[in-house]
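Q: Provided herewith is a single structure, encoded as structure tokens, for subsequent inquiry.
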Amino acid sequence: MMKVFNILILSVLIILTNAKAQLKIVTTYPYIASITQEIVKDKAKVDFLAAGNLDPHFVVPKPSLAVKLRNADLLIINGAQLEIGWLPPLLDQANNAKIRPSASGFLDLSQYVRLIEKPENVSRAMGDVHPEGNPHFHLDPYNIPILSDAITTKLCKLEPENCSYYQENNKLFKSKWNEKLKQWNSALEKLKGTKVIEYHKLYDYFINRYGLVLSGAIEPLPGIPPTGKHLENLIEIIKTQNVKLIMQDVYHPLKPAQFLNQKTGIKYIVIPHDVGAVPEAKDIFSLFDEIVKRLTNE
Ligand SMILES: [Zn+2]
């Protein structure tokens, strides 16, 4: 009898341990989910909210997203106000105390990197969607290991029993990443000094990292569509400064880039900004592989 009882206790313990192992992590963007997946492997369930091929600033807060948040143990966000337009109402609907911004199940990645382009004085009323500085820091591949460290530290706090496993995976991830960095660095070497224009100020961290020169943006202010006058100014800049390339994202209209191409002959390339932005960008590694490929294949 005692034996049966012991077996029962043991089974309950095993079930409890397994249930605990299934930490539910939700990230706002697919790129964060991909990094997190590299660290947790099969020890947690990782899901994300925003589709990688849509505008990250303006996600439709569908009820299905609130359901994901309701069941989450950990929420990892990009931060720097990238989610400000859509995440707060979802958090209200989800009503999950575990992942509130002040709770232990919340991680804001922007706290770990140095933001560029912090405005001196700006209000969102002007339409600028980057009031705290440029939030697209994940497109500097050197920021990725910083983010994976922050995620690992958070996971270790939530699950000390799995900490060494997460740390080991993070170490492997970073050594793989460093190998890829060498490849990307040497492939991009030839683009140093190339003058570029982008639609949205999405690629600034990447541009700075690889020594490209940003000559302008199709949006006069982040989040504000171009006027005819602004495009005329860009034509002038492209011609006089010999700008070589438009870095176009997947979710803004292609028309202005096509117009500038017709007027000046400048070439444009569609560059993925997140995992899932194009079919080739399947995870954090192939996202950067694809960015480098598209920029250097011409
Ligand atoms: Zn932006």
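Q: Which count do you get for residues in the stretch 257-288 that are in a helix (DSSP H, G or I) and within 24 Å of L82 (Cα to Cα)?
A: Start the filter on the stretch 257-288 by keeping residues that are in a helix (DSSP H, G or I), which leaves 257-264, 284-288.
Pick out the ones that are also within 24 Å of L82 (Cα to Cα) and you get 284-288.
Of the residues in the stretch 257-288, 5 are in a helix (DSSP H, G or I) and within 24 Å of L82 (Cα to Cα).
Q: Can you name every residue in the stretch 238-260 that is out of contact with any strand residue (DSSP E or B) (no Cβ under 6 Å at 6 or more places or on another chain) and polar (S, T, N, Q)?
A: Scanning the stretch 238-260 gives T240, N242, Q258.
Q: To continue, here is another question. Tell me, please, whether a residue that is modelled with pLDDT under 95, crowded, with 20+ Cβ neighbours inside 10 Å and within 16 Å of the ligand (Cβ to nearest atom) can be found in the stretch 197-220. Explain how you work it out, then say what you get.
A: Taking the stretch 197-220 and keeping what is modelled with pLDDT under 95, we get 220.
Checking the rest, the ones that are also crowded, with 20+ Cβ neighbours inside 10 Å come to none.
Checking the stretch 197-220: not a single residue is modelled with pLDDT under 95, crowded, with 20+ Cβ neighbours inside 10 Å and within 16 Å of the ligand (Cβ to nearest atom).
Q: Got at least one residue in the stretch 247-257 being within 16 Å of the ligand (Cβ to nearest atom), aromatic (F, W, Y) and open to solvent by less than 70 Å² (accessible area, probe 1.4 Å)?
A: Yes: the stretch 247-257 contains one or more residues that are within 16 Å of the ligand (Cβ to nearest atom), aromatic (F, W, Y) and open to solvent by less than 70 Å² (accessible area, probe 1.4 Å).
Q: Sticking with this structure for a sec: Scan the stretch 126-136 and give yes if some residue there is within 16 Å of the ligand (Cβ to nearest atom) and without any contact (Cβ under 8 Å) to a residue 40 or more places away in the chain, otherwise no.
A: The first filter runs over the stretch 126-136 and keeps only residues within 16 Å of the ligand (Cβ to nearest atom), leaving 126-136.
Those still in the list that are without any contact (Cβ under 8 Å) to a residue 40 or more places away in the chain too: none.
No; the residues of the stretch 126-136 include none that is within 16 Å of the ligand (Cβ to nearest atom) and without any contact (Cβ under 8 Å) to a residue 40 or more places away in the chain.
Q: How do the helices (runs of 4 or more DSSP H) wholly within the stretch 1-105 filter down when requiring 1 or more residues that are out of contact with any strand residue (DSSP E or B) (no Cβ under 6 Å at 6 or more places or on another chain), within 16 Å of the ligand (Cβ to nearest atom) and at pLDDT 95 or above: which remain? Steps first, answer last, please.
A: Values: elements: 2-21, 30-40, 63-70, 87-94.
Passing ranges, in order: 30-40, 87-94.
The values are calculated or read from the model by the stated rules, or taken from the named source; none is laboratory data. In this text, all values refer to a predicted model and were calculated from it rather than measured experimentally. So basically every Cβ, Gly included, is an ideal-geometry build from the backbone, and we count neighbours across all protein chains shown. Each accessible area value is taken on the protein alone, full model and side chains, heavy atoms only, with ligands, DNA and RNA left out. Shrake-Rupley method; radii C 1.70, N 1.55, O 1.52, S 1.80 Å.
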